[in-house]
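Participant: So that we are looking at the same thing, I have put the structure below in C-alpha cells.
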Amino acid sequence: MVSGFVEHVLQKSRKAEFYRTKDQVSFVFNTLRLGLAAYLLGRWPCFYPTFNVLSALIFLPIRIAHYSYLRWHYTLIDFCYYANYMVIVHQYFYPENIILHNVSFAFSFGPILIAVLMLQNSVVPHSFDKIISNYTHVGPALSLMAVRINSCGYYPVLPVLPFWEYMAYSVGCYLLWAVPFYFITFVFAYESNIKNKNVTLYGFLMETRKNTLSYSFCGLLGEDFRPFMFMFEHFLFAVGTFPLTYLFILNAYFCVGSLILALSYGIWNGATFYMSYMPKKYEKNLQAIEDYGKKFE
C-alpha cells in the first residue's frame with residue numbers, strides 16, 4: 001500500500017502540471033512573505049528578528065533537502081550561513097552582547113550583502129531556491145537594521161566599538177569559520193567530494209569562472225596551492241569590506257541606503273529573469289517534463 005502511494009506520487013511529480021502548480025504555490029507564498037516582511041519593517045520593526053527566525057525555520061529545511069538531493073550539501077557550511085547563525089544567536093540569546101552585535105553588523109553589511117551583487121541574486125517568487133539565496137544574503141542585514149534604528153526594549157541600541165577593536169573582533173570571528181572550513185573542504189572531505197561528485201563553493205567557482213581575474217589569482221602559486229589562494233582571496237574580500245561596514249554602523253542613512261541598493265539589484269535581476277529568460281525556458285522545461293513522464297505511462 002505504501003509503495004503504491006509512493007509510486008502514485010512519483011507519477012504525479014513527472015507531470016508538467018505538478019511543476020506548474022508547485023511554482024504557483026511558491027509564487028503565492030513567497031510574494032505574501034515579502035509583503036509581510038515589508039509591512040513588519042514599516043509597522044513593527046522590533047518584531048522583524050522573530051520573523052527572520054521563522055523564515056529560517058521554513059527555508060533551511062527546504063534548502064537542506066534540496067541541496068542534499070543535488071549533492072550540494074557542502075555549500076551549507078559556507079560563510080553566509082555562518083553569518084546568519086551568528087545574527088540569530090546574537091539577537092535571540094545575547095541581544096546585549098556588544099561584541100556579537102558589532103561582528104554581526106560587519107558580516108551582514110559586508111561580505112554577505114555585497115555577495116548579492118557578486119552572485120547575481122534575484123527576487124524570483126516562484127523559485128524557492130532563488131528566494132532562499134536572496135534571503136540568506138539580505139535577511140541578516142534587514143534584521144539588524146530593524147532594531148538598530150528603532151527603539152526596541154528587548155534589543156537595545158548597543159555602542160559601536162572603536163575602529164581597531166571592531167576590525168580585530170570581526171577578523172577573529174571570521175577566522176573561527178575560515179580555519180574549520182578550510183580543513184573540512186580541502187583536507188578531511190576533499191577526496192570524498194571528488195569521488196562522490198559533491199559540489200562545494202570552491203569547486204563551483206573554479207568551474208564556472210575560469211576566465212576571470214579571481215580564477216587567475218587563485219592559480220598564482222600553481223594548482224597545488226589553488227585551494228589556499230582561494231581561501232586567501234576570500235579572506236581579503238571579507239576583511240576588505242569590514243571598514244566600509246564601520247561607516248554603516250555609525251550612520252543610519254548609509255545603512256538603509258546599502259540595503260535599498262542590494263534589494264533593488266535583486267528585484268532588477270528578478271525582472272530581467274522574468275522578462276528575458278523565463279518564458280522560453282519555462283515552456284521548454286515543461287515540455288521536457290511531459291516527454292519524460294510519457295515514458296512511465
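The values are calculated or read from the model by the stated rules, or taken from the named source; none is laboratory data. Every value quoted in this text rests on a predicted model; they were computed, and no experiment measured them. Here the Cβ is made from the backbone with ideal geometry for all residues, glycine too, and neighbour counts use every protein chain on show. These accessible areas exclude ligands, DNA and RNA; they are computed on the full protein's heavy atoms, side chains included. Shrake-Rupley method; radii C 1.70, N 1.55, O 1.52, S 1.80 Å.
Participant: Regarding region 231-242, can at least one residue be identified that is touching a Cys at 6+ places or on another chain (Cβ under 9 Å) and either within 26 Å of Gly172 (Cα to Cα) or touching a residue at least 12 places away in the same chain (Cβ under 8 Å) (or both)?
Facilitator: Yes, region 231-242 contains at least one residue that is touching a Cys at 6+ places or on another chain (Cβ under 9 Å) and either within 26 Å of Gly172 (Cα to Cα) or touching a residue at least 12 places away in the same chain (Cβ under 8 Å) (or both).
Residues are listed down the side, and each one gets a yes or a no for (1) in contact with a strand residue (DSSP E or B) (Cβ under 7 Å, 6 or more places away or on another chain); (2) without any contact (Cβ under 8 Å) to a residue 60 or more places away in the chain; (3) part of a helix (DSSP H, G or I):
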| residue | (1), (2), (3) |
| --- | --- |
| Tyr92 | no, yes, yes |
| Pro95 | no, no, no |
| His101 | no, yes, yes |
| Phe105 | no, no, yes |
| Asp129 | no, no, yes |
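Participant: While we're looking at this one, here's another question. Ala262 versus (1) of a type outside the set (D, E, K, R); (2) open to solvent by 60 Å² or more (accessible area, probe 1.4 Å); (3) assigned to a helix (DSSP H, G or I): which is the lone unmet condition?
Facilitator: So Ala262 meets the others, but not (2).
Participant: Would you mind telling me which numbered condition in (1) within 30 Å of Leu175 (Cα to Cα); (2) open to solvent by 60 Å² or more (accessible area, probe 1.4 Å); (3) touching a residue at least 60 places away in the same chain (Cβ under 8 Å) Ala65 fails?
Facilitator: (3)
Participant: Go through region 233-258 and report how many residues are surrounded by 12 or more Cβ atoms within 10 Å (Cβ to Cβ), among the aliphatic types (A, V, I, L, M) and within 22 Å of Ser214 (Cα to Cα).
Facilitator: 3
Participant: So, in region 126-154, of the ones that are among the hydroxyl-bearing types (Ser, Thr, Tyr) and within 24 Å of the chain's Cα centre (by Cα), which residue ends up nearest to Leu263 (Cα to Cα)?
Facilitator: Looking at the filtered set, the residue picked out is Tyr135.
Participant: Conditions: (1) in contact (Cβ under 8 Å) with a residue 24 or more places away in the chain; (2) closer than 17 Å to Leu259 by Cβ. Ile77 meets all but one. Number of the miss?
Facilitator: All conditions pass for Ile77, except number (2).
Participant: Condition (residue is touching a residue at least 24 places away in the same chain (Cβ under 8 Å) and touching a Gly at 6+ places or on another chain (Cβ under 7 Å)) applied to region 18-29: is it met by at least one residue?
Facilitator: The answer is no; no qualifying residue exists.
Participant: Which ones in region 76-100 are polar (S, T, N, Q) and open to solvent by less than 20 Å² (accessible area, probe 1.4 Å)?
Facilitator: Asn84, Gln91
Participant: Can you tell me which residues in region 219-232 are of a type in the set (D, E, K, R) and loosely packed, with under 15 Cβ neighbours inside 10 Å?
Facilitator: Glu223, Asp224, listed by residue number.
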